[in-house]
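So the structure is just underneath, and the comments pick up after that.
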Amino acid sequence: MELLPPHVSPESPRDSYLSLSSSHRSSSVNGTREPDGVTFFILQGLSSLGEKQMIFFVILLLGYIVILGGNSMIIFVTLTDPKLNSPMYFFLANLSFVDIAFTTTTIPKMLSGFLSYVSSISVPHCFVQMFFFVQLSVTSRGILTVMAYDRYVAICKPLHYTSIMTRPVRLLLVIGSWVFSTVIWLPVTISALFRPYCGPNVVKHGWCDPTSVRQLVCADTSVDNIVSLFFGVVCLLTTGVLILTSYILIGISVSKMNVAQMLKAFGTCAAHLTVVTISYTSASFVYISYRVGNFPTEVRIIVAVLYAALTPFLNPVIYSLRNKELQESIRRTVSRFRSAAVSATKDVNTVS
């Protein structure tokens with residue numbers, strides 16, 4: 001059910017509602033009414049594109065289906081195939097799970113917004129979405145950092161790899177990624193939740209993006225901007241520096257190997273290094289789109305959607321193409337399903 005104020009009927013043009021909502025703050029500031037505080041937000045999304053937004057709906061829907069299918073397949077084969085029991089596949093399954101959760105916090109809501117007259121979201125739901133969007137983004141980088149450490153141990157300390165990367169250590173590293181992201185972002189979200197929001201209530205984004213929601217605060221947000229920037233930099237730098245350090249140490253170790261060993265080491269790291277590069281490059285583009293003020297809202301939203309969907313979309317493709325063991329496991333799994341389907345069909349025909 002759409003959340004519309006009493007003075008706006010469902011037949012009213014969408015743009016007129018947005019303009020009415022945008023005038024709320026000015027009336028409050030001029031003293032014509034007391035700010036009661038908003039109870040819901042309107043997600044503007046790509047509504048200004050009119051009928052063209054349905055093109056983005058189809059593309060985003062297909063992309064989301066591929067994200068769910070590809071990452072679910074990786075989780076399934078790594079959990080059911082006994083040959084994929086190394087730490088690398090354990091971390092890959094966790095990364096796939098985070099990618100599914102990360103995209104699910106935003107994409108379904110944005111897809112429903114394409115089909116709705118007005119895409120609304122309650123204030124509590126908005127901040128829950130905001131928290132998990134950033135928290136899961138940081139968690140994925142934490143797991144990428146753990147995977148870089150795993151590659152470092154495998155290449156630089158191969159004789160001690162099994163004794164170092166034990167199951168308790170693997171669990172501890174993954175739990176550490178979740179705890180790090182939660183501790184980093186939870187205080188920022190709680191602080192944002194208790195800020196005054198007296199109108200307008202139109203979030204110029206496809207979901208409850210922290211920067212876009214902060215623009216609706218009816219108070220000075222200088223400190224909020226500094227705190228948010230600080231924690232964001234800490235997240236990116238902490239994980240980025242650790243990943244870079246791992247690969248510097250790997251590079252030093254590889255430089256002492258022969259050509260065959262170098263090629264093997266490169267093949268081990270290629271998929272992970274590709275994913276890391278795409279992830280941090282897309283994050284940089286999002287940061288630039290927010291800091292450069294002359295970008296239209298639609299461009300910023302499209303860039304943010306690409307950031308949210310690109311890495312989860314490409315992860316299964318990159319790891320499947322680069323990893324022969326994973327390819328073979330997927331083939332075996334598909335073959336089992338096909339055999340089961342054929343057997344079930346024969347049983348049905350026999351009964352008939």
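The values are calculated or read from the model by the stated rules, or taken from the named source; none is laboratory data. The shown structure was predicted, so the numbers you read here are calculated from the model rather than taken from an experiment. Cβ sites come from the backbone with ideal geometry, for glycine too, and all protein chains shown count toward neighbours. Areas reflect the complete protein model, heavy atoms only, side chains present, ligands, DNA and RNA absent. Shrake-Rupley method; radii C 1.70, N 1.55, O 1.52, S 1.80 Å.
List of remarks:
- Residue match in the stretch 186-206 (condition: under 17 Å from the mean Cα position of the chain (by Cα) and open to solvent by 60 Å² or more (accessible area, probe 1.4 Å)): yes
- Residue check, Leu173 among the aliphatic types (A, V, I, L, M), farther than 25 Å from Met110 by Cβ, surrounded by 12 or more Cβ atoms within 10 Å (Cβ to Cβ) and out of contact with any Leu (no Cβ under 7 Å at 6 or more places or on another chain): yes
- Considering the stretch 207-250, and only residues there that are of a type in the set (Gly, Ala, Ser) and surrounded by fewer than 16 Cβ atoms within 10 Å (Cβ to Cβ), the residue that is farthest from Val123 (Cα to Cα) turns out to be Ser222.
- Residue selected from the stretch 321-352 under the condition of a type in the set (Ser, Thr, Tyr) and without any contact (Cβ under 8 Å) to a residue 12 or more places away in the chain, by the criterion surrounded by the fewest Cβ atoms within 10 Å (Cβ to Cβ): Ser352
- Every residue from the stretch 262-281 that is of a type in the set (S, T, N, Q) and either at positive phi or at pLDDT 85 or above (or both): Thr274, Thr277, Ser279, Thr281
- Residue list for the stretch 214-230, filter: touching a residue at least 12 places away in the same chain (Cβ under 8 Å) and either under 16 Å from Val286 (Cα atoms) or of a type in the set (Asp, Glu) (or both): Asp224, Ser228
- Of residues in the stretch 305-333 being of a type in the set (S, T, N, Q) and in a helix (DSSP H, G or I), the one nearest to the chain's Cα centre (by Cα): Thr311
- Ala101 modelled with pLDDT of 95 or more, in a helix (DSSP H, G or I) and touching a helix residue (DSSP H, G or I) at 6+ places or on another chain (Cβ under 7 Å): yes
- The one condition in (1) touching a helix residue (DSSP H, G or I) at 6+ places or on another chain (Cβ under 8 Å); (2) assigned to a helix (DSSP H, G or I) that Phe295 fails to fulfil: (2)
- Residues located in the stretch 68-90, provided they are open to solvent by less than 30 Å² (accessible area, probe 1.4 Å) and either modelled with pLDDT of 95 or more or of a type outside the set (A, V, I, L, M, F, W, C) (or both): Gly70, Asn71, Thr78, Asp81, Pro87, Tyr89
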